[in-house]
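Novice: Let me begin by handing over the structure; questions about it come next.
The values are calculated or read from the model by the stated rules, or taken from the named source; none is laboratory data. Keep in mind that this is a model prediction, so the values were computed, not measured. Backbone-built Cβ (ideal geometry, glycine too); neighbour counts: all protein chains shown. The accessibility values were calculated without ligands, DNA or RNA, using every heavy atom of the protein model including side chains. Shrake-Rupley method; radii C 1.70, N 1.55, O 1.52, S 1.80 Å.
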Amino acid sequence: MDVAQYHFELPQELIAQTPMADRASSRLMVIDRKRQTWTHTQFPHLLDYLEPGDVLVLNDSRVRPARLIGVKEGTGAKIELLLLKPFGGDRWEALVKPAKRVKEGTVVSFGEGRLRAVAEAPTEVAGGRVFRLQYEADDVEKLFQELGQMPLPPYIHEQLDDPERYQTVFSKVIGSAAAPTAGLHFTPELLERIERKGVKLAFVTLHVGLGTFRPVMVDKVEEHQMHEEYYELGGETAAIINEAKRKGHRVIAVGTTSVRTLETVASRHGGEVLADSGWTDIFIYPGYTFKVVDGLITNFHLPQSTLLMLVSAFASRALIMKAYEEAVNQRYRFFSFGDAMLII
């Protein structure tokens, strides 16, 4: 399958640079897979498409301020690190810019030496390195909070006035290098209204890493290798989902990260949803048979991205590409701070 089949023309001005004043005020395109139709509405009207007994599965991962700007010891050259995932023993995988200035043994200093990163081996990813962190603080996460910046995607060129706008209101478990952006549309008030309707909320954790924004560099979809990301699905969430399934209710994933978590667990347990945790590199593209997910809330994704391929697997490539063409014509806002799509 050619990656080029997932290309579409997107005017630059449709890439949302800032979040909406009200999280829930974005637009919502509702896609009906059976009828092959779509409807335009506003995100709060999501309630009209939910039924008592449905389950919304949300990713409660919280973004780590993992963009660190430091200097190369010895030369003072500016070096930027984006921490992706820990390996244990204060060793981390990171993207580094400019990578050519960082060789094995290079030391990068942050906060006047409060945090130092010693470069070790390169990774398979372009610009990737393993670093060993050195610090005297009791809690490195507190250092990240003090010294780090929010790692906004490269297509967002404006700084956030409030970094919390790149966190979901239900974020809890710190560990992501990017936000699970479908969840950004929800407010506490909207979540309360959803629960009052009889819809159950269930939470999973998937720490968003390089796999979410790594470009597809091959010509054939099947040749792309996803980056591993850590996930957790607890017993309470498994029980909620299994009860809903037994009673014939729908499981609606909020975001592609929730989809990947649910489908990873089901794939590893013969189609069952059980409490589980680990690392996943699941790559979902057309031809995949979904085992758990009955509906999906998601943003509008980059051309030729793995996220667009996942959505196409759920609703068919032809329908999604037509819907994206309609979204461009109707001037929807795209990507992380953009509008949303509900596929049922």
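Novice: Take the alpha carbon atoms of the chain, find their radius of gyration, then divide it by 2.2 N^0.38 Å using N residues; give the quotient.
Specialist: 1.00
Novice: For segment 13-128, what is the convex hull (Cα atoms) projected area averaged across all directions, in square nanometres? Write down the numbers at each step before the final one.
Specialist: Working: hull surface 51.8 nm².
Mean projected area of the Cα convex hull: 12.9 nm².
Novice: What is the chain's relative contact order, in percent, from Cα pairs under 8 angstrom and six or more apart in sequence?
Specialist: Value for the chain: 25 percent.
Novice: Lys and Arg at +1, Asp and Glu at -1: add these up for the other residues within a Cβ distance under 13 Å of R331 and post the number.
Specialist: Values: positive: R27, R333; negative: E13, E325, E326, D339.
Neighbour charge sum, excluding R331 itself: -2.
Novice: Quick one: length gained pulling H269 to H7 fully straight, 0.36 nm per residue minus the C-alpha distance?
Specialist: 90.9 nm
Novice: Here's another thing I want to ask about it. Under a Cβ-only charge scheme (Lys and Arg +1, Asp and Glu -1), can you give me the dipole magnitude of segment 26-78 about the Cα centre, in debye to the nearest 20?
Specialist: It comes to approximately 420 debye.
Novice: Post the alpha-carbon centroid distance, segment 268-323 to segment 239-258, in whole angstrom.
Specialist: Here the answer is 14 Å between Cα centres.
Novice: So how strong a dipole does segment 124-182 carry about its Cα centre when Lys and Arg Cβ are +1 and Asp and Glu Cβ are -1, to the nearest 20 debye?
Specialist: 260 debye
Novice: Hey, another quick one. Projected onto the charge dipole of segment 187-272 (+1 at Lys/Arg Cβ, -1 at Asp/Glu Cβ, origin at the Cα centre), which of Q225, T187, G209 gives the Cα projection farthest towards the positive end?
Specialist: Toward the positive end, the furthest listed residue is T187.
Novice: Further question on the same structure: How large is the Rg to Rh ratio of segment 131-228 when both quantities use alpha carbon positions and Rh follows Kirkwood?
Specialist: Taking Rh as the inverse mean 1/r over Cα pairs, Rg/Rh reads 1.03.
Novice: In bins 10 Å wide, starting from 0, what share of all Cα pairs of segment 219-317 does each bin hold, as a percent?
Specialist: The percentages, shortest bin first, are 15, 49, 30, 6, 0.
Novice: Let me ask something else about it. For segment 45-108, divide the Cα radius of gyration by the Kirkwood radius and give the resulting Rg/Rh value with two decimals. If you can, show how the numbers build up before the last one.
Specialist: Details: Rg = 20.2 Å, Rh = 15.3 Å.
Taking Rh as the inverse mean 1/r over Cα pairs, Rg/Rh reads 1.32.
Novice: Once the piece of chain linking H157 and L14 is laid out straight, how much longer is it, given 0.36 nm per residue of separation minus the C-alpha distance between them? Kindly include the intermediate steps, with their values, before the conclusion.
Specialist: Details: separation 143, 0.36 × 143 = 51.48 nm, distance 1.33 nm.
Full extension from H157 to L14 adds 50.1 nm.
Novice: Round to the nearest 10 and give me the degree value, 0 to 90, for the angle of helix 235-246's Cα axis relative to the longest principal axis of the chain.
Specialist: 20 degrees
Novice: Same structure, new question: Under a point spin-label approximation (7 Å from Cα along Cα-to-Cβ), what is the K78-D281 distance to one decimal in nm?
Specialist: 3.5 nm
Novice: From the P(r) of segment 182-249, can you give the percent of Cα pairs sitting at distances over 13 Å? Spell out each step's value before the answer.
Specialist: Working: 1740 of 2278 pairs.
Here the long-distance tail beyond 13 Å is 76 percent of all Cα pairs in segment 182-249.
Novice: A further question on this structure: Counting only DSSP beta bridges with both residues in the chain, tell me the antiparallel percent, nearest 5.
Specialist: 70 percent
Novice: With runs of 4+ DSSP H residues as the only contributors, calculate the mean residue ellipticity of the chain at 222 nm using -39,500 (n - 2.57) per run, divided by the residue total and rounded to the nearest 500.
Specialist: Roughly -6000 deg cm²/dmol at 222 nm, from the helical runs in the chain.
Novice: Could I ask something else about it? Rg and Dmax of segment 1-80 over Cα atoms: what are they, in angstrom?
Specialist: Cα only, segment 1-80: 20.9, 64 Å (Rg, Dmax).
Novice: Also, I was wondering about something else. Taking the Cα centre of the chain as origin, work out the dipole magnitude from +1 charges on Lys and Arg Cβ and -1 charges on Asp and Glu Cβ, in debye rounded to 20.
Specialist: Values: 40 positive and 45 negative charges, 67 e Å.
Taking the Cα centre of the chain as origin, the dipole is about 320 debye.
Novice: Across every pair of different alpha-carbon atoms, what Kirkwood hydrodynamic radius in Å does segment 65-201 reach?
Specialist: 16.6 Å
Novice: Would you kindly find the accessible area of T289, with a 1.4 Å probe and non-protein molecules such as ligands, DNA and RNA excluded, rounding to the nearest 10 Å²?
Specialist: Approximately 100 Å² of T289 is accessible to the 1.4 Å probe.
Novice: If you take every residue apart from V96 with its C-beta less than 10 Å away from the C-beta of V96, what net charge results, scoring Lys and Arg +1 and Asp and Glu -1?
Specialist: Every neighbour counted, the sum reads +3.
Novice: A further question follows. Would you give the gap between the C-alpha center of segment 162-220 and the C-alpha center of segment 37-116, rounded to a whole Å?
Specialist: Value for the Cα centre distance between the two parts: 14 Å.
Novice: Another question, if that's okay. To the nearest 0.05, how large is the calculated FRET efficiency for A318 and Q134 if R₀ is 41 Å and r is the Cβ-Cβ distance?
Specialist: E(calc), rounded to 0.05, equals 0.20.
Novice: A further question follows. Multiply the residue separation of I174 and V125 by 0.36 nm, subtract the distance between their alpha-carbon atoms, and state the gained length in nm to one decimal.
Specialist: Extra length available between I174 and V125 comes to 15.3 nm.
Novice: Label-point separation (nm) for D32 and Q225, each offset 7 Å from Cα along Cα-to-Cβ?
Specialist: If labels sit at D32 and Q225, their model points lie 4.4 nm apart.
Novice: While we're here: Under 8 Å for C-alpha pairs, at least 6 residues apart: give me the relative contact order for segment 1-132, rounded to a whole percent.
Specialist: Relative contact order of segment 1-132: 14 percent.
Novice: Report the local net charge at Y155: Lys and Arg +1, Asp and Glu -1, summed over other residues whose C-beta lies under 13 Å from its C-beta. All intermediate terms of the calculation are to be shown ahead of the outcome.
Specialist: On the way: positive: R333; negative: E13, E158.
Around Y155, the charge tally is -1.
Novice: Just the accessible area per residue of segment 233-292, please: how many Å² with a 1.4 Å probe?
Specialist: For segment 233-292, the per-residue accessible area is 41 Å².
Novice: Further question: Just by accessible area at a 1.4 angstrom probe, what is the order of H269, H224, H45, H157 from largest to smallest?
Specialist: Per-residue accessible area, sorted high to low, gives H157, H45, H269, H224.
Novice: R0 = 41 Å: FRET efficiency of E236 with K103, Cβ-based, nearest 0.05? Could you put the intermediate results ahead of the total?
Specialist: Values: r = 47 Å, r/R0 = 1.16.
For E236 and K103, the calculated efficiency is 0.30.
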